[in-house]
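All remarks here apply to the structure that follows.
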Amino acid sequence: MSREPILTARGLVKRYGRVTALDYADFDLYPGEVLAVIGDNGAGKSSLIKAISGAVHPDEGEMTLEGKPIHFRSPMEARDAGIETVYQNLALSPALSIADNMFLGREIRKPGVMGSWFRMLDRKAMETKARDKLTELGLMTIQNISQAVETLSGGQRQGVAVARAAAFGSKVVIMDEPTAALGVKESRRVLELIQDVKKRGLPIVLISHNMPHVFEVADRIHIHRLGKRLTVINPTEYTMSDAVAFMTGAKAPPPS
Amino acid sequence: MTDTQQTPRTPQDFESAVARETAVASFDTHEKSPLERIRHFLHSSPASVPLIVLVLSLVIFAVIVGSRFFTPFALSLILQQVAIVGIVGAAQTLVVLTAGIDLSVGAIMVLTSVIMGQFTFRYGMPVELAIACGLALGALCGFINGVLIAYLKLPPFIVTLGTWQIYLATTYIYSANETIRAQDIEANAKLLQFFGEKVPIGGATFTYGVFIMIVLIAILWYVLNHTAWGRHVYAIGDDPEAAKLSGVSTKRVLIAVYVLAGLICALAGWVSIGRNGSVSPQIGQFANIESITAVVIGGMSLFGGRGSIMGMLFGALIVGVFSFGMRMYGTDVQWTYLIIGVLIILAVAIDQWIRKVAG
């Protein structure tokens, strides 16, 4: 690839007591791609993702976003830098409405005195923006934007969480096991959503255990093993069983 | 499912996806039974059940007690009696919305009312300053609760069970169980009784205490529903982890909730002086239980994140209507408690049923 990566990590180390979760791990994400991260349980992929999303502070190593060094101390800082994460548990508030959820923590206030003095929320603006975003992602059969999230199906909730990330993630969207809790039909819809977000030019980091899903949407696959990046493969050049063999150490990785 | 698409995607794919996704992302379109419709309605407007119960109980007492009950004077009397529970219930509402509970509300109310009285009479402080000290102390009591709950992560029930005893014992020790007589307050510190002053409007008689309750609840209703902070209060009670990941500073909001609750209880302390005339450490023994009763009958969920402060007001009014109506009807007062007990259990049962809408 000739292009510069948008997000890089070099030599990340994270130790928990005597356990080394990240052992000089590297990571590269290029603009506009879907990068899948796979690895066996305990390989350190969630530590890697947490480091990128700001939830974990690595002991050593450097990260850059668009060439500039970054040091996140909290997920909020990563968010402010334009990296949005769709958590596995979605981080939605069930009793609040779709619009309230999408803007939770970054609400829009009314202009003028009502906003600055009385701190009044601009419900209309938030609902309009939320509706626009859901329409863009083809989710607008969720008609009532003020309906509580708990009345939605699992796939619809995932859609709201993805729409929130796509609405605010200006640089990178991270998705942690987005299809793990969903049925076949709903998984399919979420994979389409990933493609839709990608079409809008946002690079996506996808963490998944589901090999068919990974091979369907990923442009490149980052294989994590024993706390570091083992290799990065192109899904068109290798089969799923190759990937699993690399992941588990049954097969030596291709020379990169 | 066999429609895997490995082929390169074109913009047309996007459109076909839009056309296709109706099957997945649309509402459940199956016909809703009338019962399900009712459940959906109640789910979206949590204060409607207590409002219906309130209207029904008014009608029932109007029928069985007769025209004596349905006069502006009698009805405004109910409001006067409800004022303190309504104000303390507003504090309880904030705490319950965050999935907490505050057993110390009554103790804070008594402690601050004693401070306002004693500071004026024991130290000869200007009455305005004494009131300000009482309000500040209420906020401090709430702050102590908040720090223990938000930062030490202790369960709200245990924390406030402890501070309830602490604040109450402090009240008795400090006041030496002394009462300040109503005549003395009336002669020297009229401002303490301000909220007890009567305001006749038409045939009805209100007190400033009634007005401050209504104003307070209106303000809190606005804050809870139309500001970001209010939404954060709901979100924390709903799912604290999700709220945190969404960028809500949960600890700060929790502390603010308990400080505000303490301040409101201190306001209730001031109002209680107006209601009783005197300052006595013996008042408000059951304010915590009464406020929790109002909140529960008002349809709020003790698991947090659900309910409306209007429901709490209706809940307090239901209790007020029953105790007043039963007394006018002339039965044993125990019947009131029996009915309130039934209403509490019914309210929780209805809450559980409404929540099934989520499933």
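The values are calculated or read from the model by the stated rules, or taken from the named source; none is laboratory data. These numbers come from a predicted model, not from an experiment. Here the Cβ is made from the backbone with ideal geometry for all residues, glycine too, and neighbour counts use every protein chain on show. Heavy atoms of the whole protein, side chains included, go into the accessibility calculation; ligands, DNA and RNA do not. Shrake-Rupley method; radii C 1.70, N 1.55, O 1.52, S 1.80 Å.
Quick rundown of the values:
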quantity	calculated
Residue list for the stretch A:167-198, filter: more than 10 Å from chain B (Cβ to nearest Cβ), of a type in the set (G, A, S) and either surrounded by fewer than 21 Cβ atoms within 10 Å (Cβ to Cβ) or out of contact with any strand residue (DSSP E or B) (no Cβ under 9 Å at 6 or more places or on another chain) (or both)	A:A167, A:S170, A:A180, A:A181
Top-ranked residue in the stretch A:95-115 [being outside any strand (DSSP E or B), surrounded by fewer than 23 Cβ atoms within 10 Å (Cβ to Cβ) and charged (D, E, K, R); ranked as farthest from the other protein chains (Cβ to nearest Cβ)]	A:K110
Looking only at the stretch B:226-285, and only at residues there that are touching an Asp or Glu at 6+ places or on another chain (Cβ under 7 Å) and within 10 Å of chain A (Cβ to nearest Cβ), the one that is surrounded by the fewest Cβ atoms within 10 Å (Cβ to Cβ)	B:A228
Matching option when the condition is open to solvent by 10 Å² or more (accessible area, probe 1.4 Å) and under 29 Å from B:L54 (Cβ atoms), among B:I180, B:I84	B:I84
Out of A:L134, A:L92, sole residue that is in a loop (DSSP other than H, G, I, E, B) and either small (G, A, S) or within 11 Å of chain B (Cβ to nearest Cβ) (or both)	A:L92
Verdict on A:Q156 being part of a helix (DSSP H, G or I), open to solvent by 10 Å² or more (accessible area, probe 1.4 Å) and within 10 Å of another protein chain (Cβ to nearest Cβ)	no
Test result for B:G117, within 25 Å of B:G311 (Cα to Cα) and assigned to a helix (DSSP H, G or I)	no
Which numbered condition A:N89 fails, given (1) modelled with pLDDT of 90 or more; (2) under 30 Å from A:F27 (Cβ atoms)	(1)
Every residue from the stretch B:210-228 that is hydrophobic (A, V, I, L, M, F, W, C) and over 17 Å from the mean Cα position of the chain (by Cα)	B:A228
Residue tally, condition open to solvent by 10 Å² or more (accessible area, probe 1.4 Å) and not polar (S, T, N, Q), over the stretch A:127-149	8
Test: residue in the stretch B:291-309 that is touching a residue at least 40 places away in the same chain (Cβ under 8 Å), touching a Leu at 6+ places or on another chain (Cβ under 7 Å) and closer than 30 Å to B:L191 by Cβ	yes
Out of B:L51, B:L79, B:L103, sole residue that is closer than 14 Å to B:I309 by Cα and either open to solvent by 10 Å² or more (accessible area, probe 1.4 Å) or not β-branched (V, I, T) (or both)	B:L51
Leading residue by the ranking (nearest to B:T171 (Cα to Cα)) among those in the stretch B:106-124 that are touching a strand residue (DSSP E or B) at 6+ places or on another chain (Cβ under 9 Å) and crowded, with 24+ Cβ neighbours inside 10 Å	B:V114
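Yes or no, residue by residue, for (1) in a helix (DSSP H, G or I); (2) in contact with a Phe, Trp or Tyr (Cβ under 7 Å, 6 or more places away or on another chain); (3) closer than 14 Å to B:A294 by Cβ; (4) among the charged types (D, E, K, R):
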{"position": "B:L42", "(1), (2), (3), (4)": "yes, no, no, no"}
{"position": "B:V53", "(1), (2), (3), (4)": "yes, no, yes, no"}
{"position": "B:I60", "(1), (2), (3), (4)": "yes, no, no, no"}
{"position": "B:F69", "(1), (2), (3), (4)": "no, yes, no, no"}
{"position": "B:S76", "(1), (2), (3), (4)": "yes, yes, no, no"}
{"position": "B:A83", "(1), (2), (3), (4)": "yes, no, yes, no"}
{"position": "B:G86", "(1), (2), (3), (4)": "yes, no, yes, no"}
{"position": "B:G89", "(1), (2), (3), (4)": "yes, no, yes, no"}
{"position": "B:T93", "(1), (2), (3), (4)": "yes, no, yes, no"}
